[in-house]
1. Helix-derived [θ] at 222 nm for the chain: sum -39500 (n - 2.57) over DSSP H runs of at least 4, divide by residue count, nearest 500?
2. Going Cα to Cα from Lys70, which lysines come in below 23 Å? Please leave out same-chain ones fewer than 8 positions away.
3. Which FRET efficiency value, to the nearest 0.05, do you get for Leu37 and Ala10 by plugging their Cβ-Cβ distance into 1/(1 + (r/R0)^6) with R0 = 30 Å?
4. Taking the Cα atoms only, what angle lies between the long axis of helix 9-29 and the longest principal axis of the chain, rounded to 10 degrees?
Amino acid sequence: MRKFITADPATALVIALTVGLFIAALAVKGFTHDLFLEIAVFLVSGKLILMAKKNAETEQRLGRQLLEIKALLEASIRQSVVKRDALA
């Protein structure tokens, strides 16, 4: 399994704050009924972080695909110009 490494400092800050606040809530409230609420909030935060990671990966993949399409179009245009010049 790959280790989650983010280049975005804001995401790293959110992760650190989420974990820190969860631990602080455990220390203040203890293991009571409110723990379920804190766990739910923690899980929602985790889900948002995972969704942001997946979104960033998708964005990078789409960027690479767009660059490939651009290169193919440029090659096709150059090839058609060469053919047109050869016919002229």
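1. -31500 deg cm²/dmol
2. The qualifying lysines are Lys83.
3. 0.70
4. Approximately 20 degrees, to the nearest 10.
Laboratory data are not the source of any read-out in this text; all were calculated from the coordinates shown. What you see is a predicted model, and the numbers here were worked out from it, not measured in a lab. Note that each Cβ is placed from the backbone with ideal geometry, even for glycine, and that neighbours are counted across all protein chains shown.
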